[in-house]
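Before any comments, here is the structure.
Nothing in this text is a laboratory measurement; each read-out follows from the coordinates by a stated rule. Being a predicted model, the structure only gives us computed values, none of them experimental. Note that we place each Cβ from the backbone using ideal geometry, even for glycine, and neighbour counts take in every protein chain shown.
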Amino acid sequence: MAKAIKPADRTNYVSYAIRDIVVKAKQLEARGKKILYLNIGDPPVYDFETPKDLRRIVADRILASDAGAKNNVSTYCDSMGILEAREAIARNAVDVKGIINVTPNDVIISSGASEAITIAIAALIDPCDNIMTPSPGYPLYSGQIPVYHGELNPYLLNEETGWQIDPDELERKVNDRTKAIVVINPNNPTGANYSRESILNILRFAEKHNLVVFADEIYDKLLFDGQKHIAIASLSETVPVITFGGLSKNYIMPGWRVGWAIFHDPLKMIVEYREAINKLLRARLCSPHPQQYMIAPALDGGDGHLPEVMAKIQKRRDITYEMLNAIPGISCVKPGGAFYAFPKIQLPDGVDDEQYVIELLEETGVLVVYGKGFGEKPGTNHFRIVFLPEEETLIRSYELIAEFTEKFYRKYNFSPVQ
């Protein structure tokens with residue numbers, strides 16, 4: 001008798017709140033509900049456009065790619081990525097990010113930064129090992145670590161200091177099975193841009209405990225108020241750092257899946273680990289070939305779109321910060337980078353942020369993501385907002401959130417602390 005095929009138990013631990021909540025939204029939309037999408041960081045969904053020059057480069061390469069041609073992009077390429085792209089990433093790492101001694105052999109190209117991150121996790125941990133991840137933080141890490149039989153080891157960011165990293169918290173959480181620490185800078189979902197002091201604290205901690213630093217810097221060019229980004233690897237003289245980046249956010253092309261990792265290993269501590277990563281790269285053959293030809297033009301001078309992009313995003317950040325903080329019961333740290341806000345909301349006992357977000361969606365059509373999907377301090381409630389939509393959409397969404405929150409509090413006979 002035929003029996004149902006059961007999936008691996010480890011998949012029970014995989015969740016991705018950013019997209020999981022969309023299932024409910026699509027059901028409502030199918031019934032005629034208008035949905036205001038503030039849930040996913042995909043700039044081209046809104047009024048942002050991939051630079052035309054970069055799109056044209058790939059089109060020209062494909063058109064010129066005949067069988068037997070020197071630059072036939074329909075072939076497999078080197079598992080590490082094409083040389084001209086790795087050379088450009090290495091130049092950018094040295095000249096712009098300030099990471100010393102980076103060569104093309106210290107760079108791998110991946111199908112989005114996510115693939116590089118997943119491979120780095122897979123090559124590092126054995127069962128019961130753990131990787132320290134920021135809480136709140138991007139759920140890719142908490143979703144992938146259990147797939148490779150690793151343990152989650154979240155460390156809390158400090159909301160009171162603008163979501164900076166607390167070194168005492170790191171010491172409380174590290175143990176003898178910890179292999180690495182993840183730092184997302186600027187942070188998703190809070191928008192925090194880490195100070196030099198925070199970064200030096202991370203490096204001192206990693207050196208003390210012999211850890212690899214996973215530096216997720218995919219938003220490194222998206223900063224507000226004149227702030228500067230400090231690459232973690234640029235300050236490391238001893239600690240091995242793997243820096244993840246890509247074209248997805250800075251160059252408005254998430255769907256093209258162009259990412260990379262840069263290895264900085266001053267004391268040659270991760271030579272064997274890098275070869276393990278190379279084995280996994282070879283096993284998956286290569287990342288998509290044609291898109292890699294966009295990397296050098298982008299990094300060598302393709303930032304002309306950024307001033308207009310950042311002016312739009314910063315104005316929307318300001319609207320978000322001001323309107324959310326005007327709602328009784330909601331408070332929001334001002335984001336310093338990326339395009340996310342992670343407001344805190346006071347809720348009555350027995351109600352969590354997932355329930356609040358679902359009821360908000362059902363009543364108003366405003367789609368945000370519940371905070372527990374990113375991790376948060378126990379006893380607190382948050383939700384993540386993407387402030388990429390047009391200003392009219394944001395303003396209307398925040399008006400609806402204000403109206404709904406007032407009704408929600410009345411329903412539960414709850415008065416927020418002012």
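If r is the Cβ-Cβ distance from ALA30 to ILE395 and R0 is 30 Å, what FRET efficiency results, to the nearest 0.05?
Details: r = 27 Å, r/R0 = 0.89.
Efficiency, rounded to the nearest 0.05: 0.65.
Going through region 227-307, which GluC sites (Glu not before Pro) have at most 12 other Cβ atoms within 10 Å and a DSSP loop state? Walk me through the numbers on the way to the answer.
Details: sites: GLU237, GLU272, GLU275; in loops: GLU237.
Of the GluC sites (Glu not before Pro), the ones in loops of region 227-307 whose Cβ has at most 12 other Cβ atoms within 10 Å are GLU237.
How far apart, in nm, are the 7 Å Cα→Cβ label points at TYR76 and ALA122?
1.5
Taking a 24 Å limit on the Cα-Cα distance, which of the listed pairs LYS34/LYS407; LYS97/LYS249; LYS334/LYS372; LYS6/LYS372; LYS52/LYS228; LYS33/LYS249 fall beyond it?
Values: LYS34/LYS407 20 Å; LYS97/LYS249 17 Å; LYS334/LYS372 20 Å; LYS6/LYS372 28 Å; LYS52/LYS228 27 Å; LYS33/LYS249 30 Å.
With Cα atoms farther than 24 Å apart: LYS6/LYS372; LYS52/LYS228; LYS33/LYS249.
Please give the contour-minus-distance gain from ARG55 to ILE319: 0.36 nm per residue of separation, less the Cα-Cα distance, rounded to one decimal in nm. Let's see the in-between values first.
Details: separation 264, 0.36 × 264 = 95.04 nm, distance 3.15 nm.
Length gained between ARG55 and ILE319: 91.9 nm.
With each pseudo-label sitting 7 Å past Cα toward Cβ, what's the LEU267-PHE48 distance in nm, one decimal?
In this crude spin-label approximation the distance works out to 3.8 nm.
If I take R0 = 25 Å and measure r between the Cβ atoms of GLU197 and LYS377 in this structure, what FRET efficiency does the formula 1/(1 + (r/R0)^6) give, to the nearest 0.05? Could you put the intermediate results ahead of the total?
Values: r = 21 Å, r/R0 = 0.86.
Computed FRET efficiency for GLU197 and LYS377: 0.70.
Based on the Cα coordinates of the chain, what is the per residue volume of their convex hull in Å³?
Value for the chain: 183 Å³ per residue.
Need one number: convex hull volume per residue for region 253-336, Cα atoms only, in Å³.
Numbers: hull volume 17.0 nm³, N = 84.
With only Cα atoms used, region 253-336 gives 203 Å³ per residue.
Given the Cα-Cα distance of ARG204 and ALA64 and 0.36 nm per residue of separation, how much length would full extension add, in nm? Before the final figure, lay out each step's value.
On the way: separation 140, 0.36 × 140 = 50.40 nm, distance 5.03 nm.
Extending this stretch completely gives an extra 45.4 nm.
Can you put TYR46, TYR13 in order of Cβ neighbours within 10 angstrom, beginning with the fewest?
Numbers: TYR46 18, TYR13 13.
Ordered by Cβ neighbours within 10 Å, fewest first: TYR13, TYR46.
Hey, could you get me the Stokes-Einstein D for region 297-360, Kirkwood radius over alpha-carbon pairs, 37 °C and 0.692 mPa s, rounded to whole µm² s⁻¹? Show your work: numbers first, answer last.
Values: Rh = 14.2 Å.
Calculated translational D: 231 µm²/s.
Pulled fully out, how much extra length does the chain show between THR238 and ARG19, if you take 0.36 nm times their separation in residues and subtract their Cα-Cα distance? Each step should come with its number before you reach the end.
On the way: separation 219, 0.36 × 219 = 78.84 nm, distance 3.83 nm.
Full-extension gain reported as 75.0 nm.
On the Cα set of region 75-299, report Rg and Dmax in Å, please.
According to the Cα coordinates of region 75-299, Rg and Dmax are 16.3, 52 Å.
Put a dot 7 Å past each Cα toward the Cβ at ALA311 and LYS228; how far apart are the dots in nm?
2.4
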